[in-house]
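The values are calculated or read from the model by the stated rules, or taken from the named source; none is laboratory data. What you see is a predicted model, and the numbers here were worked out from it, not measured in a lab. Here the Cβ positions follow ideal geometry from the backbone for every residue, glycine too, while neighbour counts run over all protein chains shown.
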Amino acid sequence: MIIKLLNQGKEKKIKFALVEIPSKNISRFLILPSTKDKKFIILLDDVIRYNLDEIFSIFEYDQIESYVIKITRDAELDIDTDLSKSMVEKISRSLKNRKKGLPVRLAYDGNISKDTLEMLIARMKFRKTDNLIPGGRTHNFKDFIKFPDAGTPRLRYKKITPLEHPLLKGHTTIFPIIKERDVMLFFPFHSYHYILNLLREASIDPRVESIKITLYRLANNSIIANALINALKNGKSVTVVVELQARFDEESNIYWANQLQDEGATVIYGVPGLKVHSKLFLITRKESGRNVYYSHIGTGNFNEETAQVYSDISILTADERITEEVVKLFNFYVNNYKAESYKHLIVAPWDMRKRYTHLINKEIANAREGKEAYIWLKLNSLVDEEMISKLYQASQEGVKIKMIIRGICSLVPGVKGISENIDVISIVDKFLEHSRVFVFCNDGEEKYFLASADWMSRNLDHRSEVAIPVYDPRLQKELREFLSSQFRDNCKARVINQKQDNKYRKSTAKAKHRTQEEFYRFLQQKLK
């Protein structure tokens with residue numbers, strides 16, 4: 001917040017000051033005493049405004065003005081090449097320097113006085129051609145995700161009760177169920193406790209010998225990290241692949257990496273030149289004298305906090321076709337010099353682009369032969385030029401393509417002669433759509449995949465990402481129902497088109513279909 005103090009005496013003095021609005025360990029919202037059925041909430045910004053006279057009481061002034069501003073600095077980490085320092089030291093030092101990064105954007109109160117703005121631009125060494133954005137009285141709207149629970153019931157989302165999974169319901173141990181067949185969990189509809197309980201069980205099970213896991217973004221008070229620490233205390237071998245360059249989570253990741261290392265874990269700080277974005281863990285359990293592997297592959301981070309608001313999918317499996325390749329992948333994380341080949345998993349950066357291209361080419365070939373050919377995609381972002389060109393080609397050859405792209409979509413659907421066979425919607429609702437799902441017709445023998453990666457060049461070429469094939473016909477059926485429900489949404493689905501007007505889909509159907517509510521009910525019915 002920038003403050004302007006005016007003394008309108010003979011000399012008409014002007015002073016400026018900056019007041020930082022606290023963001024850590026304090027809420028931006030102060031709940032005031034309520035009256036009857038009304039609740040009152042005041043922003044911390046306004047509390048500061050109300051007390052400016054007291055804060056600046058030692059200065060002589062006649063008038064005081066205040067304007068909220070938000071300065072965005074260059075957040076790229078400058079990792080030096082000093083070989084004498086560890087990666088943790090380099091990241092830690094770079095994090096401190098981030099606070100001094102060059103300003104790249106200034107958002108400010110549109111009512112700010114001209115002289116105040118000019119002073120700010122000059123002092124911050126902005127140019128008038130830089131990213132200067134006039135706005136309202138309030139900034140940093142991401143804080144509103146933590147808005148206090150207030151108001152009448154009709155203004156609140158009805159909280160859902162996380163569901164039990166039909167296969168896991170009532171079982172005290174999870175390993176035998178996973179060994180018998182794959183288990184697929186839909187979050188936040190299913191309880192995330194299944195993931196936490198599996199790791200807890202592994203930490204105390206005498207037959208479990210080791211746990212290996214990739215960590216990208218952990219919760220602040222991570223139950224998962226504490227389960228791993230407990231495993232170490234119980235004599236298990238624990239290997240943790242920590243991505244230190246998970247943007248804006250570097251400090252938290254360093255903290256947990258140090259905690260785990262202090263307890264005896266083998267901590268691997270990613271892979272040089274690659275961000276490790278895969279969502280894996282591998283549990284090795286000694287059964288009848290042989291090693292049996294249990295693995296998790298999913299679309300979301302191992303974070304019990306975001307699992308309550310992110311819509312993600314996880315598969316728990318003991319299928320040797322999958323687990324043996326997860327073993328290979330963890331071997332690569334330990335010994336980066338050896339890149340393995342994979343028959344079942346699709347792994348970036350080695351073969352993910354090539355394998356997806358092959359699957360699209362197969363649909364093109366089938367369309368040319370007059371066979372049924374279609375592709376269903378669900379992604380956060382679709383940006384990669386090569387994959388977009390391939391989808392355009394498929395559309396021109398008659399492949400029917402339906403997509404759910406929640407965020408950035410650089411493909412333009414519905415263009416005659418180019419993309420007229422492509423339909424795209426975006427769903428933004430109570431839970432953040434975060435899962436990546438792929439279905440290819442494959443001449444009637446459908447292929448299903450779940451992945452950690454979007455179709456962006458950074459994911460396909462510069463990150464360690466994993467897509468898992470879904471082989472179980474029962475799970476394929478659930479995924480088809482999941483996507484079909486999303487495509488039927490007529491409440492929160494916006495149509496992506498050439499106009500880019502993002503209008504909500506108009507439906508002739510009498511019944512409303514809000515997919516996040518309907519799919520929850522679908523899973524609820526399966527319990528019965």
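Here are a few things to note about the model shown:
- If you filter segment 46-66 down to residues that are charged (D, E, K, R) and over 42 Å from the mean Cα position of the chain (by Cα), you find that the one that is surrounded by the fewest Cβ atoms within 10 Å (Cβ to Cβ) is Glu54.
- Segment 119-160, subset surrounded by 10 or more Cβ atoms within 10 Å (Cβ to Cβ), of a type in the set (Gly, Ala, Ser) and at pLDDT 80 or above, residue nearest to Phe29 (Cα to Cα): Gly136
- Scan segment 413-471 for residues that are β-branched (Val, Ile, Thr) and surrounded by fewer than 17 Cβ atoms within 10 Å (Cβ to Cβ) and the total you get is 3.
- Exactly one residue out of Leu43, Leu18 is crowded, with 16+ Cβ neighbours inside 10 Å and in contact (Cβ under 8 Å) with a residue 12 or more places away in the chain: that is Leu43.
- Filtered residues of segment 1-30 (kept if touching a strand residue (DSSP E or B) at 6+ places or on another chain (Cβ under 7 Å), under 18 Å from Thr138 (Cα atoms) and of a type in the set (A, V, I, L, M)): Met1, Ile2, Ile3, Leu18, Val19, Leu30
- Selected residue [of a type in the set (A, V, I, L, M) and touching a strand residue (DSSP E or B) at 6+ places or on another chain (Cβ under 7 Å)] from Ile145, Ile160, Ile178: Ile178
- Any chance Asn301 is assigned to a loop (DSSP other than H, G, I, E, B), of a type in the set (S, T, N, Q) and on the phi < 0 side of the Ramachandran plot: yes
- The criterion of being surrounded by fewer than 20 Cβ atoms within 10 Å (Cβ to Cβ) and of a type outside the set (D, E, K, R) holds for Leu274.
- The residues of segment 366-423 that are of a type in the set (Ser, Thr, Tyr) and free of Cβ contacts under 8 Å to residues at least 40 places away in the same chain, listed by number, are Ser389, Tyr392, Ser395, Ser410, Ser419.
- Among the conditions (1) within 19 Å of Arg474 (Cα to Cα); (2) at pLDDT 95 or above; (3) out of contact with any strand residue (DSSP E or B) (no Cβ under 6 Å at 6 or more places or on another chain), Pro188 misses just one, which is (1).
- Residues satisfying the stated conditions in segment 498-527, i.e. buried (at least 16 other Cβ atoms within 10 Å of the Cβ), in contact (Cβ under 8 Å) with a residue 60 or more places away in the chain and not basic (Lys, Arg): Thr515, Gln516, Phe519, Tyr520, Leu523
- Scoring Lys402 on the criteria (1) in contact with a helix residue (DSSP H, G or I) (Cβ under 8 Å, 6 or more places away or on another chain); (2) part of a loop (DSSP other than H, G, I, E, B); (3) at pLDDT 95 or above leaves a single failure, condition (2).
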